[in-house]
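So the structure is just underneath, and the comments pick up after that.
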Amino acid sequence: ERGGAGPAAARAPIAAPSAGPGTTAADGPPARRTSEPPKLPSDELTPATGSFSRKQKEYLVDRVPRGMDPAAVLQTGQETCDRLRFLVKADRDVAVGAIVTGEIADAKPAVEHLCTQHRDLLREADRAYPDGTYRNEQIRPGRYRDVSPTGNCTWQITGADGGTLDSGSAAGKRTSITVPRQARVFTSTGCYAWLPEGDLG
């Protein structure tokens, strides 16, 4: 398995930091409130009736705020699995794309504990790119295919000297591209996501 961060970390589009309104460099950003409601300890994760399976309980650990019914949190995870199951039947690539773009929130914990048959989707999403701009170590050379491109789907790959190595438009049709080892910047807009084809080096 490939090590390193997944798309939410290593492959997150780069955004320039900006100061909030009314702040200066000297003032710094305002303090953030980090008060999350306390979570139920694992020994209190019990449904009103019946019991949770081991996998269900593992999914719920550190996910249930005090005062909330654990069964309601579990239902959210099960709905995520149901949605993935539906998308896989309709179009597997769209299912992977929905994970990598974050359209299906919290897919990873749901798949790891509640619907482990979809772990292959997570592995593929971990090597995919949602729309955005990626630089240097964020780029993984290889062949990719796009998912649900819009009529405005465009991409550009540039090298170390800023010269264009490849660019194009899908015009609403699915296509494949090769990200070469010389690539230093890869930008995609309107293409939704790019999924890896085969093993990437």
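The values are calculated or read from the model by the stated rules, or taken from the named source; none is laboratory data. These figures come from a predicted structure and were not determined experimentally. Here the Cβ is made from the backbone with ideal geometry for all residues, glycine too, and neighbour counts use every protein chain on show. Just so you know, the surface numbers come from the protein's heavy atoms only, side chains and all, with ligands and any DNA or RNA stripped out. Shrake-Rupley method; radii C 1.70, N 1.55, O 1.52, S 1.80 Å.
Descriptive notes on the structure:
- Segment 164-198, subset open to solvent by less than 10 Å² (accessible area, probe 1.4 Å) and closer than 10 Å to Val147 by Cα, residue nearest to the chain's Cα centre (by Cα): Ala193
- Meets criteria (touching a Gly at 6+ places or on another chain (Cβ under 7 Å) and part of a loop (DSSP other than H, G, I, E, B)) for Ala183: yes
- The residue pairs whose first member lies in segment 95-117 and is in contact (Cβ under 8 Å) with a residue 40 or more places away in the chain and farther than 11 Å from Tyr59 by Cα, whose second member is of a type in the set (Val, Ile, Thr) and open to solvent by less than 10 Å² (accessible area, probe 1.4 Å), and whose beta carbons are closer than 7 Å, counting only pairs six or more residues apart or on different chains, are Gly97/Val147.
- Some residue of segment 143-162 being part of a helix (DSSP H, G or I) and loosely packed, with under 15 Cβ neighbours inside 10 Å: no
- For beta carbons closer than 6 Å, sequence separation of 6+ or different chains, a first residue in segment 156-171 that is free of Cβ contacts under 8 Å to residues at least 40 places away in the same chain and small (Gly, Ala, Ser) and a second that is surrounded by 15 or more Cβ atoms within 10 Å (Cβ to Cβ) and part of a strand (DSSP E or B), the qualifying pairs are Gly159/Leu165; Ser167/Gln156; Ser169/Thr154; Ala170/Asp146.
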